[in-house]
Amino acid sequence: MIIKLRYFAWVRERVGKPEEDIEVPPGVATVAELMVWLAARGEEYAHAFANPKVIRAAIDRTHVRPDTAIGNAGEIAFFPPMTGG
């Protein structure tokens, strides 16, 4: 299954690109598992996903928890926590 990943703010800066299409490997079923897999893809991903507890995610523009199943997602976005101001 191919999913579009979008990266925002410092996640984008650390990964070095705003988006990419990836094929989700077998065994990666949740957002948390996807972050672990991404962190293993290279130094820039390891830096971006070094502390997954501070990264937020959205599947098809709906905020989700790390234990959420990827299912048939068309798009997954990763971004830092947002604050008002």
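From the backbone phi of the range 34-42, what are the Karplus-calculated ³J(HN,Hα) couplings (6.51 cos²θ - 1.76 cosθ + 1.60, θ = phi - 60°) in whole Hz, Gly and Pro given as x?
Karplus-based 3J(HN,Hα) across the range 34-42 equals 5, 5, 5, 5, 4, 4, 8, 7, x Hz.
Could you work out the Kirkwood radius for the range 14-58, taking every pair of different alpha carbons, averaging 1/r and inverting it, reported in Å?
With all distinct Cα pairs of the range 14-58 included, I get 11.1 Å.
Which of Arg12, Arg56, Arg65 moves most in a GNM of the chain, Cα contacts under 10 Å?
For the chain, modelled as a Gaussian network with Cα springs under 10 Å, the answer is Arg65.
Any idea how far apart Val36 and Asp67 come out in nm if each label point goes 7 Å out from Cα toward Cβ?
It is 1.4 nm.
Provide the gained length on full extension for the span Lys17 to Ala50, in nm with one decimal, where the gain is 0.36 nm per separating residue minus the Cα-Cα distance.
10.2 nm
Counting only Cα, what are the radius of gyration and maximum Cα-Cα distance Dmax of the chain, in Å?
Using the Cα atoms of the chain, the pair Rg, Dmax is 11.8, 41 Å.
Using a Gaussian network for the chain with springs between C-alpha atoms less than 10 Å apart, which of these wobbles most: Val31, Val54, Val15?
Taking springs between Cα atoms under 10 Å, the residue moving most is Val54.
Quick check for me: using +1 on Lys/Arg Cβ and -1 on Asp/Glu Cβ, what's the dipole size of the chain about its Cα centre, in debye to the nearest 20?
280
On the accessible surface of the chain, probed at 1.4 Å, how many percent belong to carbon and sulfur atoms?
Summing carbon and sulfur atoms, their accessible area is 53 percent of the total for the chain.
The values are calculated or read from the model by the stated rules, or taken from the named source; none is laboratory data. Nothing here was measured: the structure is a model prediction, and the numbers come from that model. No Cβ is skipped: glycine too gets one built from the backbone with ideal geometry, and neighbour counts run over all protein chains shown. Note: areas computed on protein heavy atoms with side chains; ligands, DNA, RNA excluded. Shrake-Rupley method; radii C 1.70, N 1.55, O 1.52, S 1.80 Å.
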